[in-house]
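None of the figures in this text is laboratory data; all of them are computed from the coordinates on show. All figures in this text were calculated on a predicted structure; none of them were measured in a lab. Here the Cβ is made from the backbone with ideal geometry for all residues, glycine too, and neighbour counts use every protein chain on show.
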Amino acid sequence: MKSIDFAPQTRIIHHPGAIDQLGSLAAEFSVKRALLVSDPGIISVGHTQLGCDSLVAAGIETRVFSDIQENPTTGDVEKGLAVAREFQPQLLVGLGGGSSMDCAKGINFVYSCGGEIKDYWGTSKATGEMLPMIAVPTTAGTGSETQSFALISDADSHIKMACGDRRASCRIALLDPQLTLTQPAQLTALTGIDAIAHALETYVTTRRNPISMVFSREAWQLLASNFPRVLEDGSCLEARAAMQLGACLAGVAIENSMLGAAHSLANPLTSEYGILHGQAIAIMLPHVIRFNGQTSAEHYAELLAASHALDNRLPAGDFEQLASFIEQLTSQAGLPSQLSSCGVDEERLEELAGQAAQQWTAQFNPRKVTVEDFKALYQTAF
């Protein structure tokens, strides 16, 4: 029997137009100054301004920090920290994709507790209370809005550091599906396949429990049913809303069950070759499903049976059908399915395998994965 410690830290609000509530929700914390962390792309489509307008209308002085990159680094956190120390916010808002939200959490760790972000690599290393934070996701992918972890890459080594503490959890996740309508087709595909991987990996990890599996199952249902719909029609608000909620629920599952080998394999591909995270996931996930199917066949079959009963467009059967379905989604999304198509050097697969084995998610995979296994998975995907 597994022990369970389930204590949701984040209030979830989900409806079209929710961004208009940002100011009133922030005012509930009795703050006068908010630092809003966003990125240039989100600024360009006007979403950041919507957030600022709502905060200012509530009487909250607002400063924007947007000098961040995809997969935020220690350098991004340091730049944001300098702004925070000058402005002295009482509230943080992460408005954008996972990069904006993770960077905001990283700033919060160091601004609230001192030191540098490397000091918080691991779990439960915050030394005191942290500023309240509101997350406003504009993609349907990472689920960072319901996780206590910030993923920050070391600017020198490129290693992704998972810095987690319950005190870093967002107090509110404000989900407005209208903000996701501006996602380009490729970003929709990349974030969507990442969210699907979150639902599938959390369902079988060694840390899973009956509660986390409920969130994984519902996330899978929402994501698998609606991913093809948003690929076909990016203007469908109903499908966009379902994807956004599915990604959020998968984030709750991650918080309680962690991830597995697909993410361990993806991270070195991003750090060494600049392959976008969602693309790396799309290539590796089917192979990991087949690998894990040797020990988790029952769980995969259970998940497929439950989802097929509610939507007969979804696959039924075993892990092979599931892996094939993911490959079909990847093809529909127009994403490459082989490492050889992404400039990966086959002679470096052993080196990449060594890096994959060092990733923090590897330990939670349901089937033990050795360096040799990681190399074999890369070879299968080549």
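Each DSSP beta bridge with both residues in the chain is either parallel or antiparallel, and the antiparallel ones are about 20%. With the simple spin-label model, which puts each label point 7 Å out from Cα in the Cβ direction, the ILE43 to SER30 separation comes to 3.4 nm.
A full extension of the chain between ARG313 and GLU238 corresponds to an added length of 25.2 nm, given 0.36 nm per residue minus the alpha carbon distance.
Compared with the direct C-alpha span, the chain from ARG63 to GLN338 gains 94.7 nm at full extension, assuming 0.36 nm per residue. Measuring nothing but how far apart in sequence close Cα pairs (under 8 Å, 6+ apart) lie, relative to its length, the chain scores a relative contact order of 14 percent. Measure out, as a whole number of angstrom, how far apart the alpha-carbon centroids of region 275-344 and region 141-171 sit. Cα centres, region 275-344 to region 141-171: 25 Å. Calculation over all alpha carbon pairs of region 185-381 in 5 angstrom steps from 0 returns a P(r) of 1, 9, 17, 22, 22, 16, 9, 3, 1, 0 percent. Modelled spin labels at ARG207 and GLU320, positioned 7 Å past Cα toward Cβ, are 3.3 nm from each other. The amide H of HIS14, built 1.01 Å from its N in the peptide plane, has LEU175 as neighbours under 5 Å, considering only residues 5 or more places off or on other chains. Quotient of the Cα radius of gyration of the chain and 2.2 N^0.38 Å, N being its number of residues: 0.93. A helix-only calculation puts the chain at -17000 deg cm²/dmol for mean residue ellipticity at 222 nm, using -39500 (n - 2.57) for each DSSP H run of at least four residues, averaged over all residues.
Considering every alpha-carbon pair of region 185-252, the percent of pairs per 10 Å bin, from zero through the bin containing the longest distance, is 25, 52, 19, 4.
Using only Cα atoms, tell me the angle between helix 74-87 and the longest principal axis of the chain; keep it within 0 to 90° and round to the nearest 10. Around 20 degrees separate the two axes. Where does helix 98-113 land angle-wise versus the long Cα axis of the chain, in degrees 0 to 90, nearest 10? With rounding to tens, the tilt is 50 degrees. Between GLN328 and ARG85, the distance separating the two model label sites (each 7 Å from Cα on the Cα→Cβ line) works out to 5.5 nm. Between GLN379 and GLU350, residue separation times 0.36 nm minus the direct Cα-Cα distance comes to 9.5 nm. Entry note, region 66-118: relative contact order of 39 percent, from Cα contacts under 8 Å with a spacing of 6+ residues. Got the relative contact order for region 59-214 handy, in percent, Cα pairs under 8 Å and 6 or more residues apart? Relative contact order here is 22 percent. Once the Cα atoms are used to define both axes, helix 371-381 deviates from the longest principal axis of the chain by about 80 degrees. Over region 11-179, the ratio between the Cα radius of gyration and 2.2 N^0.38 Å evaluates to 0.92. Of the beta bridges in region 11-179, as assigned by DSSP with both residues counted there, near 20 percent are antiparallel.
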